[in-house]
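Enquirer: Okay, handing you the structure first.
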Amino acid sequence: MGCTVFFSNCEKIKQIKKGFELTRNMQISTLLYGESNIGKKTLVKSMYNNATWIDGSDFVKLKNALLENNEIVVYNFDIHRNYAAEEFNNKKIIALTDETTVPDYIDSLFGFIYKMPPLRDRPEDLEFFIEKYIKEANENLAKKDILAIDKEKIDLSNNIKSLKIYIYKKIAFNNLEKSEIQDILYDYFQKNLQGNNDYVKFLNLFEYPLIMAGLEKYGSQLKLSQILGINRNTLRKKVNENGIN
């Protein structure tokens, strides 16, 4: 099995990793919790790659694994179930959960409990992942784009997963030709045209990004109305119709 590499420059995560290293050969159970897609599995795999991994959402399978193994990694660990403390005694159990808070009784099951911070709270890691996924997307999509990423606009709602999707979209859609944009819209309209007033409804697909981009680029409705060659009142009406603040 290949070696899993984990990276982080975040001091809090470095302390978590150090805690795992110090207890590597001890029969002490540890809970690692925090939002989804922040690297919990990758961190643990980098240290316990050969351990038995169990899906904690399968409670019967988990109970059997607790009886049969002295060292297991449990992902999707359900912190709201009732566990007997003796099931965790003299064992090394690494439990991972996407919960962001844990009940007090959990303290009786685990020797150590760590909360892993989300990516939005790890600016020292963000640049690494941006560069990683730009390189990966360019390779996978046969592109050679150098993107200027506005960190204020990056989608970190689902941490590393949403960041990766955001960058792949940016790479895929960067420098599209007019004909390629038309092909995308053609496929979309083929799939979605079905109403009695679709012309008006689908104008939003054109107007919304045009007005948003124009306002961001030129900074005022007056300037944008001049650029677009339309009356300022007409532009203001379209801004309101498209729900643009």
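The values are calculated or read from the model by the stated rules, or taken from the named source; none is laboratory data. For clarity, every value in this text was computed on a predicted model and none was experimentally measured. Here the Cβ positions follow ideal geometry from the backbone for every residue, glycine too, while neighbour counts run over all protein chains shown.
Enquirer: Here are the criteria: (1) in contact (Cβ under 8 Å) with a residue 24 or more places away in the chain; (2) not assigned by TED's automatic domain parsing to the domain that holds Glu139. Tell me which single one Lys223 does not satisfy.
Expert: (1)
Enquirer: Hey, any hits in the range 116-124 for a residue that's crowded, with 16+ Cβ neighbours inside 10 Å, in contact with a strand residue (DSSP E or B) (Cβ under 7 Å, 6 or more places away or on another chain) and closer than 19 Å to Gly19 by Cα?
Expert: yes
Enquirer: So how many residues does the range 69-106 have that are surrounded by fewer than 14 Cβ atoms within 10 Å (Cβ to Cβ) and either modelled with pLDDT of 90 or more or polar (S, T, N, Q) (or both)?
Expert: Count: 7.
Enquirer: Also, I was wondering about something else. Can you tell which of Leu156, Leu176 is over 20 Å from Glu207 (Cα atoms), surrounded by 11 or more Cβ atoms within 10 Å (Cβ to Cβ) and either of a type in the set (A, V, I, L, M, F, W, C) or over 19 Å from the mean Cα position of the chain (by Cα) (or both)?
Expert: Details: Leu176 fails: over 20 Å from Glu207 (Cα atoms).
Just a single option satisfies the conditions, and that option is Leu156.
Enquirer: Shifting gears a bit: Cβ-Cβ distance below 8 Å, separation of 6 or more or different chains: which pairs start in the range 139-160 with a residue that is at pLDDT below 90 and end on one that is loosely packed, with under 13 Cβ neighbours inside 10 Å and assigned to a loop (DSSP other than H, G, I, E, B)?
Expert: Asp145/Asn175
Enquirer: Within the range 135-153, restricting attention to residues that are exposed (fewer than 11 other Cβ atoms within 10 Å of the Cβ) and under 19 Å from the mean Cα position of the chain (by Cα), which residue is nearest to Asp125 (Cα to Cα)?
Expert: Lys151
Enquirer: Tell me, yes or no, whether the range 60-67 has at least one residue that is at pLDDT below 90 and of a type in the set (D, E, K, R).
Expert: There is at least one residue in the range 60-67 that is at pLDDT below 90 and of a type in the set (D, E, K, R).
Enquirer: Continuing with this model, one more query. Residue by residue through the range 203-226, note down the ones that are in contact with a Phe, Trp or Tyr (Cβ under 9 Å, 6 or more places away or on another chain) and either surrounded by fewer than 11 Cβ atoms within 10 Å (Cβ to Cβ) or under 16 Å from Asn240 (Cα atoms) (or both).
Expert: First, the residues of the range 203-226 that are in contact with a Phe, Trp or Tyr (Cβ under 9 Å, 6 or more places away or on another chain): 205, 224, 226.
Listed by number, the residues that qualify are Leu205, Leu224.
Enquirer: If you take just the helices (runs of 4 or more DSSP H) that sit entirely in the range 108-208, which of them hold at least 1 residues that are more than 30 Å from Val239 (Cβ to Cβ) and aliphatic (A, V, I, L, M)?
Expert: Those helices (runs of 4 or more DSSP H) span 123-140, 159-173.
Enquirer: Can you pull out every residue in the range 96-147 that is out of contact with any helix residue (DSSP H, G or I) (no Cβ under 9 Å at 6 or more places or on another chain) and closer than 22 Å to Lys63 by Cα?
Expert: Result: Glu99, Val102, Pro103, Asp104, Tyr105, Ile106, Asp107, Phe110, Gly111.
Enquirer: Can I ask one more? Within the range 4-93, which helices (runs of 4 or more DSSP H) (wholly inside it) include 3 or more residues that are in contact (Cβ under 8 Å) with a residue 40 or more places away in the chain?
Expert: On the way: elements: 11-22, 40-45, 59-68.
The helices (runs of 4 or more DSSP H) meeting that bar are 11-22, 40-45.
Enquirer: Considering only residues that are within 21 Å of the chain's Cα centre (by Cα) and farther than 14 Å from Leu66 by Cβ, which ones fall in the range 39-55? I'd like the intermediate steps shown before the answer.
Expert: Narrowing the range 39-55 to residues within 21 Å of the chain's Cα centre (by Cα): 39-46, 55.
Gly39, Lys40, Lys41, Thr42, Leu43, Val44, Lys45, Ser46 - these are the residues of the range 39-55 that are within 21 Å of the chain's Cα centre (by Cα) and farther than 14 Å from Leu66 by Cβ.
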